[in-house]
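The values are calculated or read from the model by the stated rules, or taken from the named source; none is laboratory data. Owing to the predicted nature of the structure, the values given are computational and were not obtained by experimental measurement. Every residue, glycine among them, receives a Cβ derived from its backbone with ideal geometry; neighbour counts consider all protein chains shown.
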Amino acid sequence: MIKLLGYCLLVAFQGSSGSSGFQGNSQMAVSSNGKLLAITCTDSGTLASINPATMTLRWESLVGIRPESTIFIGSGTDLAVTVYDEDMVIILDGETGKIKNRIQVPDEPYGIISNASGTRLYVSHEYPGKVSEIDPKEAKVIRVMNAGSRPRGIALHPSEKTIYVSEFLTAAMHAIDIEKGELFDSWKGQPSDNLARHLSIHPKRPKAYVPHIRSRTTVIDGTGSIFPQLTIYDLVPPSEGKRRKSFGMDTFNGVYVVTNPWETALTSDGRKLFALYSGTDDMNVCQIVDDDYKEIERSGRAIVRVGKNPRAVRVSRDDAFVFVHDSSDYAIRKLDANTMELLGKVQLPKPNRSEEWIRGRYLWNSADSPMSSRRWVACSSCHPDGQPDGRIWNNPEGKRKTPHLGGLAHTHPLHASADRDEVQDFEYTIRSKLMLGQGLLRESIKLRRGFNKTELEEKTAGRSPDLDALAIYTNSFEFTSLSPYALGEGKLNDQALRGKTLFSDSKVGCATCHSGPFYSDSNLAKMTLHDVGTGHSDTSERMGNSYDTPTLLGVYRTAPYLHDGVAPTLKDLLTTANKGDKHGTTSHLNSAQIDDLVAFLQALPFEKPPSKTENTVKYLDSGAPAPAKAK
């Protein structure tokens with residue numbers, strides 16, 4: 001069956017010109033006639049149009065909270081854009097920027113592609129792991145298909161018979177038969193593969209390209225924890241049966257370190273590949289090698305320095321130009337595809353944010369000095385846009401799950417062991433073995449003494465503009481969307497309502513610690529830690545077995561659970577991982593009641609949390625907290 005499938009795929013590649021869908025999802029799109037370019041401005045909540053010939057801004061339209069990907073629909077000028085936090089796909093007139101349709105879609109729409117005729121759009125939904133098929137003319141979802149776990153990258157086979165998706169947290173790839181609407185094949189990676197946002201398909205060869213990182217959770221060192229990778233999947237297995245090859249892009253570049261691979265772009269003739277690295281402001285120029293072994297080699301100016309935190313790269317339809325989105329410069333640059341000469345640059349409107357927030361955003365995403373001396377690790381390598389990387393790290397203080405940073409400004413102190421009382425204390429992390437950075441504070445700080453909570457003794461806030469800017473950005477992560485399990489603002493289904501009653505029942509005790517609008521008793525005025533039965537089995541634990549209470553908002557998508565990730569599911573959290581009733585008294589509950597409690601937890605947040613509480617820290621953005629919803 002696999003051999004027959006491989007033969008069919010090979011014939012399809014040899015006999016099909018296909019559409020631009022093979023390039024995969026991106027924040028940037030180029031029209032089929034080459035006269036229009038569009039870019040999602042995620043921080044501003046807008047979509048912008050550029051004239052690529054003159055490199056001038058044509059229009060900017062408000063589309064909603066956190067637009068992620070955009071595409072021109074078929075060979076026309078209409079655009080489609082995903083709005084991640086509002087579960088919408090917006091259709092716009094590419095000439096005027098006027099919104100033509102809004103389509104409600106499943107949760108967390110991320111990538112979007114179009115077929116050549118423009119009759120179908122395909123959207124990846126990170127949670128709950130789906131691909132939706134949209135009829136743009138009728139402005140409706142006509143089908144939803146299973147697509148693995150946390151898919152972000154999405155691309156269309158040139159034959160337009162198969163959709164490929166890549167999983168964000170594993171870099172695994174799946175194939176979906178469009179006619180049947182079924183997932184029929186999968187390519188697994190290594191357990192360390194992590195953070196894959198993009199996927200592209202070679203226009204003529206049976207190859208898929210997935211840029212990602214590798215997270216080695218057993219090594220906490222700036223030269224051994226995070227690695228840049230490009231995995232090439234064989235859609236038609238070669239004779240020896242191998243289905244993937246993964247290249248370390250640091251070694252590929254002669255040990256010139258690049259960080260946070262973000263996106264690739266292929267020329268239409270399939271001869272060149274451009275790869276972006278958001279953490280080090282670099283772009284690789286690669287020559288495609290048709291040998292099923294070497295695959296790629298450096299070409300010309302193999303490494304090109306671009307602007308701050310590049311997050312999108314597209315090639316013009318005639319392969320003459322390369323466009324790069326420098327996301328922290330809020331600019332697009334136009335390069336000669338052969339010489340890499342800068343031919344023009346257009347400045348995009350900045351978001352309604354403070355200059356401190358903008359500076360903090362760059363520092364958060366940077367692996368260059370002063371954040372790191374070795375260029376291997378950025379804050380975003382483990383906390384991409386404030387979200388978790390799904391990993392349990394063997395930290396020096398013990399096993400620690402990467403937390404979601406939503407609501408951080410209101411849930412200090414920080415870390416599971418509450419050993420930091422201000423975000424500026426991450427100066428210690430920047431200077432540590434993990435990042436090996438020079439640091440943002442130009443003066444000495446107290447040295448850590450073993451596993452004592454030295455950071456609580458050292459006042460780091462207010463001593464460095466850059467460190468304060470990093471804190472302002474880090475404190476800006478909020479919950480801007482409701483749980484998909486909620487029925488709407490303030491609304492729960494019957495099962496979740498029963499679970500809410502149990503959650504608040506003093507005999508169960510969940511609300512004793514998980515209290516207030518953020519479902520956490522974290523408090524700077526009175527730090528309270530709890531022994532909930534975890535940590536005792538971890539022989540590497542060095543800071544005691546009592547832990548800070550994390551927020552429960554968004555808990556539906558942050559498995560595994562507890563500080564060391566010992567509970568795979570919310571049900572495990574309440575049962576097998578709660579021996580001795582130390583994490584709420586749940587042993588007396590029957591199976592149906594446990595399911596009710598899980599239903600309530602999954603529905604958080606079902607109402608918008610406040611923007612300020614008595615525990616909210618002062619280092620906050622003075623600009624708008626988030627773009628307003630489009631009208």
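When we screen 611, 587 for residues that are modelled with pLDDT under 95 and more than 17 Å from residue 498 (Cβ to Cβ), the only hit is 611. Checking the stated criteria, residue 150 turns out to be assigned by TED's automatic domain parsing to the domain that holds residue 83, at pLDDT 95 or above and surrounded by fewer than 24 Cβ atoms within 10 Å (Cβ to Cβ).
The criterion of being of a type in the set (A, V, I, L, M), assigned by TED's automatic domain parsing to the domain that holds residue 27 and in contact (Cβ under 8 Å) with a residue 24 or more places away in the chain holds for residue 103.
For every residue, the table says whether it meets (1) out of contact with any strand residue (DSSP E or B) (no Cβ under 7 Å at 6 or more places or on another chain); (2) under 24 Å from residue 276 (Cβ atoms); (3) charged (D, E, K, R).
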residue: 178; (1), (2), (3): no, no, no
residue: 195; (1), (2), (3): no, yes, no
residue: 204; (1), (2), (3): yes, yes, yes
residue: 216; (1), (2), (3): yes, yes, yes
residue: 219; (1), (2), (3): yes, no, no
residue: 222; (1), (2), (3): yes, yes, no
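Residues in region 231-259 that are assigned to a loop (DSSP other than H, G, I, E, B), at pLDDT 90 or above and of a type in the set (A, V, I, L, M): 235, 257, 258. Restricting the first member to region 434-449 and to residues that are within 18 Å of residue 468 (Cβ to Cβ) and assigned by TED's automatic domain parsing to the domain that holds residue 394, and the second to residues that are of a type in the set (Val, Ile, Thr) and not in a loop (DSSP other than H, G, I, E, B), the beta-carbon pairs closer than 6 Å and six or more apart or on different chains are 437/430; 439/430. Restricted to region 19-53, and to residues there that are out of contact with any strand residue (DSSP E or B) (no Cβ under 6 Å at 6 or more places or on another chain), crowded, with 19+ Cβ neighbours inside 10 Å and modelled with pLDDT under 95, the residue that is farthest from residue 327 (Cα to Cα) is 19. Considering region 488-508, the residues that are part of a loop (DSSP other than H, G, I, E, B) and without any contact (Cβ under 8 Å) to a residue 12 or more places away in the chain include one that is nearest to residue 127 (Cα to Cα), namely 505.
If you filter region 341-358 down to residues that are farther than 19 Å from residue 27 by Cβ and surrounded by 19 or more Cβ atoms within 10 Å (Cβ to Cβ), you find that the one that is nearest to the chain's Cα centre (by Cα) is 357.
Within region 469-514, the set of residues being surrounded by fewer than 15 Cβ atoms within 10 Å (Cβ to Cβ), polar (S, T, N, Q) and more than 16 Å from residue 598 (Cα to Cα) comprises 506, 512. Would you point out the residue of region 279-315, among those that are closer than 29 Å to residue 384 by Cβ and not in a strand (DSSP E or B), that is modelled with the lowest pLDDT? This residue is 295.
Checked against (1) over 30 Å from residue 67 (Cβ atoms); (2) in the same structural domain as residue 37 (by TED's automatic domain parsing); (3) not hydrophobic (A, V, I, L, M, F, W, C), residue 333 passes all but condition (1).
Residues considered: 539, 576. Of these, the only one that is closer than 16 Å to residue 396 by Cα and surrounded by fewer than 22 Cβ atoms within 10 Å (Cβ to Cβ) is 539. Does residue 361 satisfy the condition of being free of Cβ contacts under 8 Å to residues at least 40 places away in the same chain, farther than 29 Å from residue 526 by Cβ and not hydroxyl-bearing (Ser, Thr, Tyr)? Considered against the rule, which asks whether it is free of Cβ contacts under 8 Å to residues at least 40 places away in the same chain, farther than 29 Å from residue 526 by Cβ and not hydroxyl-bearing (Ser, Thr, Tyr), residue 361 comes out as no. Restricted to region 376-386, and to residues there that are farther than 14 Å from residue 423 by Cβ and surrounded by 24 or more Cβ atoms within 10 Å (Cβ to Cβ), the residue that is nearest to the chain's Cα centre (by Cα) is 381.
Check whether at least one residue in region 302-322 is in the same structural domain as residue 197 (by TED's automatic domain parsing), more than 26 Å from residue 49 (Cα to Cα) and surrounded by fewer than 20 Cβ atoms within 10 Å (Cβ to Cβ), and report yes or no. Yes; the residues of region 302-322 include at least one that is in the same structural domain as residue 197 (by TED's automatic domain parsing), more than 26 Å from residue 49 (Cα to Cα) and surrounded by fewer than 20 Cβ atoms within 10 Å (Cβ to Cβ). Residues that are in a loop (DSSP other than H, G, I, E, B) and within 25 Å of residue 373 (Cβ to Cβ) within region 264-278 comprise just one, 278. Residue 235 falls short of the stated requirement of being touching a residue at least 60 places away in the same chain (Cβ under 8 Å), closer than 24 Å to residue 279 by Cα, in the same structural domain as residue 272 (by TED's automatic domain parsing) and among the hydrophobic types (A, V, I, L, M, F, W, C). For residue 120, only one of the following conditions fails: (1) under 21 Å from the mean Cα position of the chain (by Cα); (2) without any contact (Cβ under 8 Å) to a residue 24 or more places away in the chain. What is its number? Going through the list (1) under 21 Å from the mean Cα position of the chain (by Cα); (2) without any contact (Cβ under 8 Å) to a residue 24 or more places away in the chain, residue 120 breaks only (1).
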